[in-house]
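What follows is one structure encoded as structure tokens, with my remarks underneath.
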Amino acid sequence: MHVLILGGTTEARRLAAQLAARHPAPRVTSSLAGRVAAPRMPAGEVRVGGFGGPEALARWIEEHAVGAVVDATHPFAEGISAGAARAAAATGVPLVALRRPGWEAGPGDRWHPADSLEGAAALLPGIAGPGGRVFLTTGRQKLAAFADPRLDQLHFLVRSVEPPEPPLPRHAHILLDRGPYSVEGETALLREHRIDVLVTKDSGGTATAAKLTAARALELPVVVVRRPTPPPGVGVVPDVADALAWLAALPLPPRRFAPEFPARPPF
Ligand code: NAP
């Protein structure tokens, strides 16, 4: 069985590591988008870069005799997840989405849900107030939503792994960093920059959750961007153990060729 893991997340790396540690190990290829200059490399084979759309992904699946696809990309990586759903439908190869559960507000949290980055931006003047200071942790892409003249009075601390893509908010201080983060570190950062409001996607997981604990302790409001809906018809598992169970329950793929019994030429 050749398993294709669409990756770029901690869960994708864990899944690749657990499959690679099996005896006998299945063939595993992890696919990375290639956005990060020095990514944490998964175990097993790795390919980097976009496939070139769903049809090209379907061709890749067929040419590499992939027997199952695990879409373990980030919950907000909508493009590749939609492409994987189309490629799986076209090839008939089983597909599952591995999605860590979203975060949930607890006692003391002051969360403001938003349906999109634009929706989050629209909430900010009312929450942060004139001259307010915003900690923006929604990643390096699509920050145009915050490059809005109505937010020119606000000061943004923008944290991302790679330099953010312009356009950026008028007053933006860039902080390049990569999790996991500690509650102590996040609390110190919020204090040092006198942050009034935190903006985050509902990424879920533990690697970047410390900022929420820190915000709760400091009684700061948090704007939480809701997740997009996964593509229809694709099964979802919440963790690596369930992804492994899903793989184990798959029927063995039919043999595409039997080298020990080569087809005889007709004569
Ligand atoms: P996206 O908008 O869903 O994808 C845009 C295009 O990038 C896809 O159509 C595909 O190109 C290519 N691509 C994305 N992920 C790929 C993968 N794992 N392997 C091969 N090609 C991939 O994705 P994104 O939001 O830019 O995220 C890019 C990667 O970063 C994802 O792998 C994701 O897991 C990771 N990531 C994303 C976020 C986030 O907030 N979005 C956060 C952390 C990590 P083609 O159509 O040419 O195949």
Answer yes or no as to whether Val70 is surrounded by fewer than 23 Cβ atoms within 10 Å (Cβ to Cβ), outside the structural domain of Ala207 (by TED's automatic domain parsing) and within 14 Å of the ligand (Cβ to nearest atom).
no
Residue count for region 127-145, restricted to those that are part of a loop (DSSP other than H, G, I, E, B) and either closer than 14 Å to Lys201 by Cβ or not assigned by TED's automatic domain parsing to the domain that holds Thr208 (or both)
5
Please verify whether region 138-150 includes one or more residues that are within 19 Å of Lys211 (Cα to Cα), open to solvent by less than 20 Å² (accessible area, probe 1.4 Å) and without any contact (Cβ under 8 Å) to a residue 40 or more places away in the chain.
no
Only one of (1) in contact with a Gly (Cβ under 9 Å, 6 or more places away or on another chain); (2) within 16 Å of the ligand (Cβ to nearest atom); (3) modelled with pLDDT of 95 or more fails for Trp246. Which number is that?
(2)
Can you tell me which of Gly79, Gly50, Gly83 is under 14 Å from the mean Cα position of the chain (by Cα) and within 11 Å of the ligand (Cβ to nearest atom)?
Gly79
What about Arg59, is it modelled with pLDDT of 95 or more, under 23 Å from Arg99 (Cβ atoms) and open to solvent by 90 Å² or more (accessible area, probe 1.4 Å)?
no
Please verify whether region 151-165 includes one or more residues that are open to solvent by 70 Å² or more (accessible area, probe 1.4 Å) and polar (S, T, N, Q).
yes
Every listed condition ((1) more than 8 Å from the ligand (Cβ to nearest atom); (2) closer than 21 Å to Ser203 by Cβ; (3) surrounded by 14 or more Cβ atoms within 10 Å (Cβ to Cβ)) holds for Thr9 save (1)
Arg194 fails exactly one of the following numbered conditions: (1) on the phi < 0 side of the Ramachandran plot; (2) basic (Lys, Arg); (3) at pLDDT 95 or above. What is the number of that condition?
(1)
Of all residues being open to solvent by 20 Å² or more (accessible area, probe 1.4 Å) and in contact (Cβ under 8 Å) with a residue 40 or more places away in the chain in region 90-101, which is farthest from Phe76 (Cα to Cα)? Just the residue, please.
Pro94
Restricted to region 221-230, and to residues that are in a loop (DSSP other than H, G, I, E, B) and touching a residue at least 12 places away in the same chain (Cβ under 8 Å), which residue is least open to solvent (accessible area, probe 1.4 Å)?
Pro228
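The values are calculated or read from the model by the stated rules, or taken from the named source; none is laboratory data. Note that the coordinates shown come from a computational prediction; the quantities given were computed from them, not determined experimentally. All Cβ positions, even for glycine, are placed from backbone atoms using ideal geometry, and neighbour counts span all protein chains on display. Only protein heavy atoms, including side chains, enter the accessible area calculation; ligands, DNA and RNA are left aside. Shrake-Rupley method; radii C 1.70, N 1.55, O 1.52, S 1.80 Å.
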